[in-house]
Amino acid sequence: RKPATVSKLRKMKQDRQPIAMVTAYDYPSAKLAEEAGADIVLVGDSLGNVVLGYDTTIPVTLEDMLHHTKAVTRGAKQTFIVTDMPFLTYHGSIDATLQHAGRLMREGMPQALKLEGGAEIAPTVHTLTQAGIPVMGHLGLTPQSVHQIGGYKVQGKSAEQAQKLLQDALALEQAGAFAIVLELVVEDVAEWISKQLAVPTIGIGAGAGCDGQVLVFHDLLKYDAGGPAKKFVQTYANIGETIRGGIAQYVEDVKLRKFPQQKHAFQGDNETLTSLYG
Ligand code: KIV
Ligand code: NA
């Protein structure tokens with residue numbers, strides 16, 4: 001299977017072929033996502049919540065993203081990988097932004113970067129794409145701005161909000177973004193925006209009118225990410241339960257001396273013992 005490319009993703013939209021994106025944060029999750037056929041693997045800064053145990057994505061650093069991106073790109077070599085630029089790494093000088101983007105691309109080696117925000121970051125998106133870095137946009141509920149938004153709230157509820165979202169999406173497309181994530185956007189608005197863009201939209205909690213979907217690994221597999229089940233998530237497995245059960249069985253076996261058995265141990269010859277103990 002050949003990895004997706006920016007142009008292939010655009011063609012998928014034209015052909016009305018849904019794009020399936022999933023997050024991954026380490027070697028095994030990336031390898032499994034690739035084997036499962038995901039079109040895009042996203043190293044989301046949601047790693048702050050689901051892997052590192054923070055309440056928001058704000059504490060996630062460039063070093064955190066690098067560390068996890070390196071593992072993901074080693075695990076999914078035949079998949080288009082996108083990495084989030086973390087909080088405050090693309091809002092200063094363009095030099096600083098390029099330095100951060102450069103480190104992510106050179107050291108992490110993903111195929112693209114994702115930035116949260118609309119028209120206000122369009123010049124940054126333009127600079128990065130001009131430098132040869134594919135950029136994915138992210139609109140609607142943008143978790144890095146949660147304190148400004150005032151919570152994890154559905155976006156695009158009023159006509160005014162919907163118009164603003166559309167203008168932001170068009171500004172990102174104009175600036176060169178190859179795709180745009182729409183997070184927690186009213187279904188009709190997400191569909192309306194998707195129809196006016198040439199580049200694909202990837203929805204999360206944004207309904208079926210988007211050109212693709214994304215879910216967080218830990219949510220879709222119920223891998224104890226904490227927090228109540230979200231309305232927009234469908235769980236396809238319960239690996240948290242499987243892992244807890246497996247470890248509980250192991251702990252019990254150790255305590256009952258059922259593990260290890262003879263087949264798990266190594267036998268030397270008598271000479272070994274003689275040389276060790278005389
Ligand atoms: O960090 C993340 O997982 C994301 C997706 C939810 C789009 O940005
Ligand atoms: Na993110």
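Sorted on the mean count of surrounding Cβ atoms within 10 Å across their residues, most packed first, peptides 198-206, 214-222 read 198-206, 214-222. Descending by average beta-carbon neighbour count within 10 Å, the peptides 265-274, 45-54, 88-97, 123-132 line up as 45-54, 123-132, 88-97, 265-274, the highest first. Near T242, within a Cβ-to-Cβ distance under 14 Å, what is the net charge of the other residues, with Lys and Arg +1 and Asp and Glu -1? Surrounding charge for T242 is 0.
The distance from the alpha carbon centre of segment 54-79 to that of segment 206-236 is 19 Å, rounded to a whole number. The Cα trace of the chain gives Rg and Dmax of 22.3, 87 Å, the first to one decimal, the second as a whole number. Checking every one of the chymotrypsin sites (Phe, Trp or Tyr not before Pro) in segment 228-259 against DSSP loop status and a limit of 16 other Cβ atoms within 10 Å picks out F232, Y236. Calculated [222 nm] ellipticity per residue, helices only, for the chain: -12000 deg cm²/dmol; basis is -39500 (n - 2.57) per DSSP H run with n ≥ 4, divided by all residues, nearest 500. Taking the Kirkwood radius as Rh and the Cα radius of gyration as Rg, segment 1-144 has a ratio of Rg/Rh equal to 0.95. Using the Cβ of E107 as centre and a radius below 11 Å, the other residues enclosed give a net charge of +2, where K and R count +1 and D and E count -1.
Taking Cβ atoms as reference points and 15 Å as the exclusive limit, the residues near A131 contribute a net charge of +1, counting Lys and Arg as +1 and Asp and Glu as -1. Among the aspartates and glutamates, select those whose C-alpha is under 13 Å from the C-alpha of K164, and discard any that sit fewer than 8 residues away in the same chain. The qualifying aspartates and glutamates are E120. Rounded to the nearest 5, the antiparallel percentage of DSSP beta bridges internal to segment 6-237 is 5%. As a calculated quantity, the FRET efficiency between K2 and H147 at R0 = 41 Å, using C-beta atoms, amounts to about 0.50. Filter the GluC sites (Glu not before Pro) in segment 130-209 down to the DSSP loop ones having no more than 11 other Cβ atoms within 10 Å, then list what survives. Filter output for segment 130-209: empty list. Of all the C-alpha pairs in segment 161-222, what % are more than 18 Å from each other? So the portion of pairs separated by more than 18 Å is 30 percent. Under the classification rounded if a/c is under 1.5, otherwise prolate if a/b is larger than b/c and oblate if not, where does segment 24-104 fall, given a ≥ b ≥ c as square roots of the Cα gyration tensor eigenvalues? It is oblate, given that a/c is not under 1.5 and a/b is not larger than b/c. Scanning residues 5 or more positions from V43 or on other chains, those with amide H under 5 Å from its amide H are A24, V82, T83, D84, with H placed 1.01 Å from N in the peptide plane. For the pair Y236 and A131, what calculated FRET efficiency results from E = 1/(1 + (r/R0)^6), where r is the Cβ-Cβ distance and R0 = 25 Å, to the nearest 0.05? The calculated FRET efficiency here is 0.10. In summary, the lysines within cross-link reach of K11, defined as a Cα separation below 17 angstrom excluding same-chain residues under 8 places away, comprise K2, K195.
Values quoted throughout were computed directly from the atomic coordinates according to the rules given, and no laboratory measurement underlies them. All values derive from a computational prediction rather than experimental measurement. We place every Cβ from the backbone using ideal geometry, glycine too, and count neighbours over all the protein chains shown.
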